[in-house]
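Notes to accompany the following structure.
The values are calculated or read from the model by the stated rules, or taken from the named source; none is laboratory data. Computed from a prediction, not measured in an experiment: that's the story for all the values here. Here the Cβ positions follow ideal geometry from the backbone for every residue, glycine too, while neighbour counts run over all protein chains shown. Heavy atoms of the whole protein, side chains included, go into the accessibility calculation; ligands, DNA and RNA do not. Shrake-Rupley method; radii C 1.70, N 1.55, O 1.52, S 1.80 Å.
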Amino acid sequence: MSKGVISKDEDYSQWFNDLIIKSDMAEYSPVRGCMIIKPYGYSIWEKIQATLDKMFKDTGHVNAYFPLLIPKSFFSKEASHVEGFAKECAVVTHYRLKNDGDGNIIVDDEAKLEEELIIRPTSETIIWNTYRGWIQSYRDLPILVNQWANVMRWEMRTRLFLRTSEFLWQEGHTAHATAEEAIAETEQMLEVYADFAENFMALPVIRGRKTPNERFAGALDTYCIEALMQDGKALQAGTSHFLGQNFAKAFDVKFTTKENVQDYVWATSWGVSTRLIGALIMSHSDDAGLVLPPKLAPIQVVVVPIYKHDEELANITTFVNALKKELVAKGISIKFDNRDTHRPGAKFAEYELKGVPVRVAIGSRDMQNGTVELARRDTKTKETVAQEGLAAKIEALLEEIQANIYNKAADFRTENTTEVNDYEEFKRLLDEKPGFLSAHWDGTAETEQLIKDETKATIRCIPLNNKQEQGTCIRTGKPSTQRVLFARAY
């Protein structure tokens with residue numbers, strides 16, 4: 001145990017929770033199933049948000065905002081959609097409170113809403129009701145809108161940054177003149193998510209399609225990126241949905257084509273959430289604390305001075321101010337921790353726990369020798385290097401750390417992905433060596449559900465660009481032409 005954090009080998013679930021609490025990322029709220037995201041955790045979300053927002057805008061998308069409350073009648077217009085979310089909906093029924101005369105605040109029964117309002121679990125319904133007024137002609141298309149928002153899904157069992165009743169996310173909702181354009185949009189946004197996961201989160205992902213059983217409610221096709229956590233469980237890190245014309249038909253969103261014919265609009269939606277922070281923690285961190293990829297670390301470099309006298313601190317501060325100027329010019333965030341209330345060792349432990357990628361320690365002897373001590377969080381190694389050219393050295397080291405974290409996760413996934421052809425071995429591996437199991441499936445929903453009931457493993461995706469091969473279903477022995485990825489999952 002380190003810093004009050006249990007070993008992940010002893011209790012992975014508790015380790016995950018300990019890291020979040022001890023590193024000051026989030027805490028439980030007095031509202032059931034909800035969390036308070038503290039400044040350090042929220043600063044990671046801000047970096048995720050800023051990066052993705054630029055990627056969205058670079059692909060032509062713009063931001064808008066739609067109401068938190070959705071009329072209940074909207075959900076009844078798309079049957080599969082309401083069926084998918086009905087059990088998770090929080091409902092607003094009244095609009096006023098009153099004092100009962102004994103000093104208690106109660107709901108005013110006379111203030112019942114004419115129509116109940118649903119706190120959005122997702123925004124397809126209210127957005128497509130809005131699009132009906134925005135779209136008349138092909139000239140109004142495409143609409144490429146994204147929304148940064150919070151949503152509410154009433155979860156029975158919650159976990160910080162993984163499954164909370166309220167969470168933060170973005171949801172893209174686009175409208176197109178043709179199915180081909182909508183499918184291209186769906187695929188493009190999946191690639192944006194995969195690019196972000198791999199190049200910023202240092203998280204290798206499998207690009208794939210969901211089975212019909214696992215599709216988003218109301219979608220014709222759902223694309224996903226799947227990642228493998230260090231305990232061998234899979235985590236869905238992002239989804240992109242081809243909605244066809246389902247929502248356009250439900251809300252009567254038609255347009256006049258170039259050929260002067262009336263047709264329904266084609267739709268997509270796509271989203272990622274604060275669950276990405278959970279993925280970040282579980283895929284890289286260790287028993288000593290968080291391990292954050294430099295591109296998403298709120299603090300990329302921390303400098304800890306070691307001194308006895310104010311004069312020594314003044315000399316160190318002059319050097320650090322010059323270094324800070326160089327690093328900031330390179331777009332690198334740096335913190336100079338000159339607090340006199342904490343000893344250097346306590347500071348080292350704090351920033352190790354918080355996952356700061358690079359730590360610089362500098363004392364009076366270093367100032368005399370023109371050196372500093374440089375420590376990296378990912379490997380826990382340290383070295384003495386010259387002060388001259390330090391900014392360039394740190395810049396290169398951050399790039400090296402980013403690549404190393406990704407490669408470590410990629411190697412782990414490779415080592416824990418197994419082709420399986422026998423059902424008994426399939427069940428044994430799920431217990432003894434969890435990970436991705438690549439196996440044949442007969443393509444039926446019945447077999448998929450049977451395997452899930454018997455093993456708690458689900459088909460995470462049908463990988464894109466899957467190679468075709470003749471085989472037999474792992475469970476029924478029926479013919480199959482390709483393998484799919486199974487895993488137990490969050």
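Past the 18 Å Cα-Cα mark, which pairs from 72/112; 72/98; 324/393; 87/112; 295/330? As for pairs spanning more than 18 Å Cα to Cα, those are 72/98; 87/112. Listed by chain and number, the aspartates and glutamates whose C-alpha is less than 17 Å from the C-alpha of residue 308, apart from same-chain residues fewer than 8 away, are 337, 340, 366.
Each helix, a run of at least 4 DSSP H residues, gives -39500 (n - 2.57); summed and divided by the residues of the chain, these come to -11000 deg cm²/dmol at 222 nm. Per residue, the range 223-356 exposes 38 Å² of accessible surface when a 1.4 Å probe is rolled over the protein heavy atoms with every protein chain present.
Each peptide in 196-202, 180-186, 268-274 was scored by the mean count of other Cβ atoms within 10 Å over its residues; highest first, the order is 268-274, 196-202, 180-186.
The range 421-478 and the range 267-337 have their alpha-carbon centroids 42 Å apart. A simple rule links phi to the HN-Hα coupling: the Karplus curve 6.51 cos²θ - 1.76 cosθ + 1.60 with θ = phi - 60°, which for the range 446-452 gives 5, 5, 4, 5, 4, 4, 4 Hz, with x for Gly and Pro. Of the labelled figures (1) 61; (2) 57; (3) 54, only one reflects percent of Cα pairs over 28 Å apart as derived from the coordinates, namely (1). Take the residue pairs 210/452; 8/452; 57/210; 233/408 and return only those whose Cα atoms are more than 21 Å apart. Those over the limit are 8/452; 57/210. With unit charges on the beta carbon (Lys/Arg positive, Asp/Glu negative), name the residue among 371, 45, 474 whose Cα is farthest towards the positive pole of the charge dipole of the chain. Final value for the positive-end residue is 371.
Placing dummy labels 7 Å off each Cα toward the beta-carbon, the span from residue 233 to residue 466 is 2.4 nm. Along the range 154-163 the Karplus relation, 6.51 cos²θ - 1.76 cosθ + 1.60 evaluated at θ = phi - 60°, assigns HN-Hα couplings of 6, 8, 7, 10, 10, 9, 3, 6, 10, 8 Hz to successive residues, with x for each Gly and Pro. Highest mean first, the peptides 15-21, 98-104 sorted by other C-beta atoms within 10 Å per residue fall in the order 15-21, 98-104. Listed by chain and number, the lysines whose C-alpha is less than 17 Å from the C-alpha of residue 3, apart from same-chain residues fewer than 8 away, are 22, 347, 354, 380. The Cα-based radius of gyration of the range 25-112, divided by its Kirkwood radius, gives an Rg/Rh of 1.10. In terms of packing, defined here as the mean over residues of other Cβ atoms within 10 angstrom, the peptides 403-413, 215-225 line up highest first as 215-225, 403-413. Residues whose amide H lies under 5 Å from that of residue 461, counting only those 5 or more places away or on a different chain, are 485; hydrogens are built 1.01 Å from N in the peptide plane.
Accessible surface ranking for 399, 191, 1.4 angstrom probe, highest first: 399, 191.
Between residue 424 and residue 21, the FRET efficiency estimated from the beta carbon spacing at R0 = 45 angstrom works out to 0.65.
Charges were assigned to the Cβ only: +1 to each Lys and Arg, -1 to each Asp and Glu. The resulting dipole of the chain about its Cα centre is roughly 460 debye. For the range 381-471, relative contact order (Cα pairs under 8 Å, six or more residues apart, normalised by length) works out to 19 percent.
Atom-type composition of the exposed protein surface of the chain places 49 percent of the accessible area on carbon and sulfur (1.4 angstrom probe).
The figure for residue 210 is an accessible area of roughly 10 square angstrom, using a 1.4 Å probe on the protein chains alone. Considering only alpha-carbon pairs that sit under 8 angstrom and 6 or more positions apart, the relative contact order computed for the range 1-122 is 17 percent.
Measuring r between the beta carbons of residue 132 and residue 106 and using R0 = 60 Å, the FRET efficiency lands at 0.95.
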